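A.B. asks: Sharing a structure here in structure tokens format.
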Amino acid sequence: MRLMGRMGRWFDQRLQLGKPMMETLAHPVPRETASWFYVFGSAALTVFALQVVTGILLAILYVPSAAEAWNSLQNLNHQVTAGWFIRALHGWGSNFMIAIVLIHMVQVFLFGAYKFPGS
């Protein structure tokens, strides 16, 4: 447990993200603003995390050479457990990422969410 605490302090000393993160987490959100229109930012973050995880998994197995690319895809689709699913999830996730980020940007612009409250 001490090691984790030391590592956390080490990262915080270099990146200085602790205070901004705590301020963001402590920021009060008015109850009247909580609606289904405000889920697109979280959805974009979730899809981005999914893209990172599936991209890392695919990068581990894929061989990007002219001679081995087709064989590595065949191996991924047929021999690796749920490999076809990871590949499909990554492919569809990229399309969803574009759509959700565009919807989020339009929503932020239309609702003026980029403005400070009271502006």
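The values are calculated or read from the model by the stated rules, or taken from the named source; none is laboratory data. Bear in mind that the values here come from a model prediction, so they are computed numbers and not experimental data. Reconstructed Cβ throughout: ideal geometry from the backbone, glycine too, with neighbour counts over all protein chains shown. With ligands, DNA and RNA removed, areas are computed over all heavy atoms of the protein, side chains included. Shrake-Rupley method; radii C 1.70, N 1.55, O 1.52, S 1.80 Å.
A.B. asks: Counting helices only, and only those DSSP H runs with n ≥ 4, report the 222 nm mean residue ellipticity of the chain as the sum of -39,500 (n - 2.57) divided by its residues, in deg cm²/dmol to the nearest 500.
C.D. replies: Values: 5 runs with 84 residues, N = 119.
Value at 222 nm, helices only, nearest 500: -23500 deg cm²/dmol.
A.B. asks: Determine the per residue accessible area of the chain with all protein chains present and a 1.4 angstrom probe, expressed in square angstrom.
C.D. replies: On the way: 10020 Å² over 119 residues.
It amounts to 84 Å² per residue over the chain.
A.B. asks: On to the next question. Given Cβ point charges of +1 (Lys, Arg) and -1 (Asp, Glu) and nothing else, what value in debye, to the nearest 20, does the dipole of the stretch 5-119 about its Cα centre take? The partial results should precede the final answer.
C.D. replies: Numbers: 7 positive and 4 negative charges, 64 e Å.
Roughly 300 debye for the stretch 5-119.
A.B. asks: Sticking with this one: Out of the total accessible area of the chain (probe 1.4 Å, heavy atoms of protein only), what percent is carbon and sulfur? Walk me through the numbers on the way to the answer.
C.D. replies: Working: 7110 of 10020 Å².
Within the chain, the accessible surface is 71 percent carbon and sulfur.
A.B. asks: Explain nothing, just compute: Karplus ³J(HN,Hα) = 6.51 cos²θ - 1.76 cosθ + 1.60, θ = phi - 60°, for every residue of the stretch 72-77 in order, whole Hz, x for Gly and Pro.
C.D. replies: Couplings: 5, 5, 5, 4, 5, 6 Hz.
A.B. asks: Something else now. Once the dipole of the chain is set up with Lys and Arg at +1 and Asp and Glu at -1 on Cβ about the Cα centre, which of Leu50, Phe40, Gln16 lies farthest towards its positive end?
C.D. replies: Value computed over the given set: Gln16.
A.B. asks: Right, another one. Quick one: the Cα spread of the chain along its three principal axes, in angstroms, biggest first?
C.D. replies: For the chain, the Cα spread along each principal axis is 60, 44, 23 Å.
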